[in-house]
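Q: Got a structure here, written out as structure tokens. Questions coming.
The values are calculated or read from the model by the stated rules, or taken from the named source; none is laboratory data. Here the structure is a predicted model, which is why all the values come from computation and not from measurement. Glycine also receives a Cβ, built like all others from the backbone with ideal geometry; neighbour counts cover every protein chain displayed.
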Amino acid sequence: MITITLPDGSRREYPAPLTVAEVAASIGTGLAKAALAGRVAHGDGARLVDTSHRIEADTSLAIITDKDPAGLEVIRHSTAHLLAYAVKELFPDAQVTIGPVIENGFYYDFSYKRPFTPEDLQAIEARMGDLAKKDEPVVRRVLPRDEAVAHFKAMGEHYKAEIIGSIPADQEVSLYREGGFEDLCRGPHVPSTGKLRHFKLMKVAGAYWRGDSSNEMLQRIYGTAWASKDDLQQYLTLLEEAEKRDHRRLGRELDLFHVDDHAPGVVFWHPKGWTVWQQVEQYMRRVYQDNGYQEVKGPQILDKTLWEKTGHWDKYRENMFTTESEKRDYALKPMNCPGHILIYKQGIKSYRDLPLRLGEFGQCHRNEPSGGLHGIMRVRGFTQDDGHIFCTEDQILQECNAFTALLQKVYADFGFTEILYKVATRPEKRIGADDLWDKAEHALMESLRNSGCEFIISPGDGAFYGPKIEYTLKDALGRQWQCGTIQVDFSLPQRLEAEFVAESGERRTPVMLHRAILGSLERFIGILIEQHAGALPTWLAPTQVIVLNITDSQAEYARDVAKTLQKQGLRCELDLRNEKITYKIRAHSLQKVPFILVVGDKEAASNCVAVRARGNQDLGVMAVSAFAEKVLTDIAAKA
């Protein structure tokens, strides 16, 4: 007898080995039709298997359907194969390479003699639909490695043969066939192509074979796949909204910034964009001042020997920009931590000086791959709201408590109220004693509990020198952006010989807490632009008020209104162009200015302004002083 334990704890007994599909059928016809895969016990964990997987011994089993996250991954993985199947039917000379699942979809890389066109994508998607309607079974088989290599070489699939050839010779590989198409894959896959109904091809991009720029450029077709038509449509609608909010497009339309091939990965800030930058930086500067941080400024270029001591030269050099002068090697700093330790080391520090909080708007450079650059979201030159807290072991918990509370307030001021918390724990390759890791991880988790924050644990994802909390924002579209972090580091201060005099008179090494709230200012401003669809809150808007005259006879009065508001600290501009007032209102509405003031003869005679708020809201006529009070109140409240 074979005993199978189901997720609800119930057990079923069967007289002989059977497949996952047969177990599902024994439970109910509805489940049998919905089954996409199974999850069986495997060692200390579990693994996903095909519905054709044969169960030979007692085990636990969960039937995976499209209601499960794992089921959606199986759908996307199988749809990537359906894409390759369709491409081979339409373009037999194309060679297939790899096709993994990615967030919200999948891609597949192809080698073909000419670029795929938008018309090709339409044809491929249509053929995928036809193949899905055939509901062809997806069948798995296993071959020895060398036999599999020969099989794919005979098919003319040299990339597949190369992939398999890199596998140890004593291993077997699994292949999946659907109709006339067979592909290398570990699986699992849906039982038949009819399970794949809700998908769309999105775009074509270039990708080097094996990610190496010295290899052939392949064509990567991206697609998305979902469990239902509604889910697919909801995602496509989300993409449309995201396109409207794209910070690169809004950056151009609102004249905030641009990026240029003369400086790839570095931002050219225009006057309006730099105004937004200054508001963000000055806000964070006040946060520093109000929370016990001392602002510092370190050099951008540091000698190679420092990076060797910290371990960056060995582990991070390919991401660093380097230079040479007078036979000495230097690097542009990719991070601010070593510089802050050198500042800390100037002068003897006592336990009474701790915690010592240093903050810097430090400009860093990292040699990111050109293909990964994305507007101002991912750049090579960026500025961090970087801070480091030097403290004793006993102070870690209180500092983490205070940091989480501070971060929550800052995010709320910028309009973000939903935060996800994750604790990344010790990786397999690490430095430092386990008892120090225990203390650091406990402090991070306890600090989140003290703050009333639910969190998940990400095992093994900490830095090699210490664990960390990652703070992730959810934006208006539900997208997640990991911005803030606090890391506990016992090692770097020791490597650079930072010390303090303890109460006992002994010299000890401080603990270093690496912390950032916004992370990269460039990236955070990009997130802000997309969060607010370019309509930044009044306190952040580059132009807060614009004054428009109806005819030339009100020009002088418009100037007086603008000067009055400017003297009260408002970013106020004038538009005295000889254009129709409706034209000017529309132009500045498109620029997403929070308040448009219109002045005609009546307003000039009564020392008033007609106020239009963003969103086509008519607030009526009010005195200039009353309007100024309203705006200043909005700004103070971060409204």
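Q: Anything in segment 379-389 that is farther than 17 Å from residue 318 by Cα and not small (Gly, Ala, Ser)? List them, or say none. Before the answer, list the steps.
A: Of the residues in segment 379-389, the ones farther than 17 Å from residue 318 by Cα are 382-389.
382, 383, 384, 385, 386, 388, 389 - these are the residues of segment 379-389 that are farther than 17 Å from residue 318 by Cα and not small (Gly, Ala, Ser).
Q: Hey, another quick one. If the Cβ limit is 9 Å and pairs must be 6+ apart or interchain, which residue in segment 1-13 that is without any contact (Cβ under 8 Å) to a residue 40 or more places away in the chain and surrounded by fewer than 10 Cβ atoms within 10 Å (Cβ to Cβ) pairs with which residue that is among the aliphatic types (A, V, I, L, M) and part of a loop (DSSP other than H, G, I, E, B)?
A: Sorted first by the residue in segment 1-13, then by its partner, the pairs are 1/16; 13/1.
Q: If you check 68, 58, 93, 50, which single one turns out to be surrounded by 22 or more Cβ atoms within 10 Å (Cβ to Cβ) and of a type in the set (D, E, K, R)? Outline the logic, then answer.
A: Details: 68 fails: surrounded by 22 or more Cβ atoms within 10 Å (Cβ to Cβ); 58 fails: surrounded by 22 or more Cβ atoms within 10 Å (Cβ to Cβ); 93 fails: surrounded by 22 or more Cβ atoms within 10 Å (Cβ to Cβ).
Residue meeting the stated conditions: 50.
Q: Quick one: residue 142 ticks every box in (1) of a type in the set (Val, Ile, Thr); (2) closer than 18 Å to residue 91 by Cα; (3) assigned to a strand (DSSP E or B) bar one, so which box is it?
A: For residue 142, the failing item is (2).
Q: Out of 254, 238, 232, which single residue is touching a helix residue (DSSP H, G or I) at 6+ places or on another chain (Cβ under 7 Å) and either in contact (Cβ under 8 Å) with a residue 12 or more places away in the chain or of a type outside the set (S, T, N, Q) (or both)?
A: On the way: 238 fails: touching a helix residue (DSSP H, G or I) at 6+ places or on another chain (Cβ under 7 Å); 232 fails: touching a helix residue (DSSP H, G or I) at 6+ places or on another chain (Cβ under 7 Å).
Among 254, 238, 232, only 254 is touching a helix residue (DSSP H, G or I) at 6+ places or on another chain (Cβ under 7 Å) and either in contact (Cβ under 8 Å) with a residue 12 or more places away in the chain or of a type outside the set (S, T, N, Q) (or both).
Q: To continue, here is another question. Do you know which of the residues in segment 121-158 that are closer than 23 Å to residue 203 by Cα and more than 31 Å from the chain's Cα centre (by Cα) is surrounded by the fewest Cβ atoms within 10 Å (Cβ to Cβ)? Show your work before the answer.
A: The first filter runs over segment 121-158 and keeps only residues closer than 23 Å to residue 203 by Cα, leaving 121-132.
Applying the additional criterion that residues be more than 31 Å from the chain's Cα centre (by Cα) yields 123, 126-127, 129-132.
On the way: 123: 16, 126: 13, 127: 18, 129: 14, 130: 11, 131: 22, 132: 23.
In this case the residue turns out to be 130.
Q: A further question follows. Go through (1) over 28 Å from residue 228 (Cα atoms); (2) at pLDDT 95 or above one by one and return the number of the condition residue 76 breaks.
A: (1)
Q: Give all pairs with beta carbons closer than 6 Å in which a residue from segment 344-355 that is surrounded by fewer than 16 Cβ atoms within 10 Å (Cβ to Cβ) meets a residue that is among the aliphatic types (A, V, I, L, M) and in a strand (DSSP E or B); count only pairs at least 6 apart in sequence or on separate chains.
A: 350/501
Q: Give all pairs with beta carbons closer than 7 Å in which a residue from segment 72-83 that is of a type in the set (D, E, K, R) meets a residue that is outside any helix (DSSP H, G or I); count only pairs at least 6 apart in sequence or on separate chains.
A: Filtered contacts from segment 72-83: 73/101; 76/101; 76/105; 76/106; 76/225.
Q: Please tell me if residue 464 is modelled with pLDDT of 95 or more and more than 27 Å from residue 637 (Cβ to Cβ).
A: On the way: modelled with pLDDT of 95 or more: no; more than 27 Å from residue 637 (Cβ to Cβ): yes.
So residue 464 does not fit the description; no.
Q: Now for a separate question. If you scan segment 252-284, which residues turn out to be part of a loop (DSSP other than H, G, I, E, B) and either in contact with a Leu (Cβ under 7 Å, 6 or more places away or on another chain) or aliphatic (A, V, I, L, M) (or both)?
A: Taking segment 252-284 and keeping what is part of a loop (DSSP other than H, G, I, E, B), we get 254-256, 260-266, 270.
Across segment 252-284, the qualifying residues are 254, 256, 263, 264, 265, 266, 270.
Q: Just to be sure before I move on: is residue 330 crowded, with 18+ Cβ neighbours inside 10 Å, within 26 Å of residue 507 (Cβ to Cβ) and among the hydroxyl-bearing types (Ser, Thr, Tyr) in the structure I sent?
A: Values: crowded, with 18+ Cβ neighbours inside 10 Å: yes; within 26 Å of residue 507 (Cβ to Cβ): no; among the hydroxyl-bearing types (Ser, Thr, Tyr): yes.
So residue 330 fails the test.
Q: Being of a type in the set (A, V, I, L, M, F, W, C) and not in a helix (DSSP H, G or I) is the filter; apply it to segment 4-36 and report the residue that is nearest to residue 140 (Cα to Cα). Give the steps one after another, and end with the answer.
A: If we filter segment 4-36 for residues that are of a type in the set (A, V, I, L, M, F, W, C), which is where we start, we get 4, 6, 16, 18, 20-21, 23-25, 27, 31-32, 34-36.
From what's left, not in a helix (DSSP H, G or I): 4, 6, 16, 18, 35-36.
Values: 4: 23, 6: 25, 16: 22, 18: 16, 35: 17, 36: 14 Å.
Going through the qualifying residues, I end up with 36.
Q: Restricting the search to segment 189-216, which residues are over 26 Å from the mean Cα position of the chain (by Cα) and either surrounded by fewer than 19 Cβ atoms within 10 Å (Cβ to Cβ) or not charged (D, E, K, R) (or both)? I'd like the intermediate steps shown before the answer.
A: Within segment 189-216, the first condition is being over 26 Å from the mean Cα position of the chain (by Cα), and the residues that meet it are 189-197, 214-216.
Result: 189, 190, 191, 192, 193, 194, 196, 197, 214, 215, 216.
Q: Hey, another quick one. Mind listing whichever residues of segment 459-517 are among the aliphatic types (A, V, I, L, M) and assigned to a loop (DSSP other than H, G, I, E, B)? Let's see the steps before the verdict.
A: Residues of segment 459-517 among the aliphatic types (A, V, I, L, M): 463, 469, 473, 476-477, 486, 488, 492, 496, 498, 501-502, 511-513, 516-517.
Residues satisfying the conditions are 476, 477, 496, 498, 502.
Q: Looking at residue 148 and the list (1) among the small types (Gly, Ala, Ser); (2) part of a helix (DSSP H, G or I); (3) in contact (Cβ under 8 Å) with a residue 60 or more places away in the chain, which single condition is not satisfied?
A: Of everything listed in (1) among the small types (Gly, Ala, Ser); (2) part of a helix (DSSP H, G or I); (3) in contact (Cβ under 8 Å) with a residue 60 or more places away in the chain, residue 148 misses just condition (3).
Q: Restricting attention to segment 38-67, and to residues there that are at pLDDT below 90 and not in a loop (DSSP other than H, G, I, E, B), which single residue is farthest from residue 137 (Cα to Cα)?
A: It comes out as 45.
Q: Which residues, taken from segment 614-636, are under 13 Å from residue 596 (Cα atoms) and of a type in the set (D, E, K, R)?
A: Selection gives 614, 618.
Q: Which residue is modelled with the highest pLDDT, if the candidates are limited to segment 432-458 and must be part of a loop (DSSP other than H, G, I, E, B) and within 27 Å of residue 310 (Cα to Cα)?
A: First, the residues of segment 432-458 that are part of a loop (DSSP other than H, G, I, E, B): 432-433, 451-455.
Narrowing the set further to residues that are within 27 Å of residue 310 (Cα to Cα) leaves 432-433.
Numbers: 432: 80, 433: 84.
Here the answer is 433.
Q: Spot the failing condition for residue 184; the list is (1) closer than 17 Å to residue 82 by Cβ; (2) in contact (Cβ under 8 Å) with a residue 60 or more places away in the chain, and only one is missed.
A: (2)
Q: If we scan segment 251-258, do we find a residue that is within 22 Å of the chain's Cα centre (by Cα), over 25 Å from residue 590 (Cα atoms) and of a type outside the set (A, V, I, L, M, F, W, C)?
A: No, segment 251-258 contains no residue that is within 22 Å of the chain's Cα centre (by Cα), over 25 Å from residue 590 (Cα atoms) and of a type outside the set (A, V, I, L, M, F, W, C).
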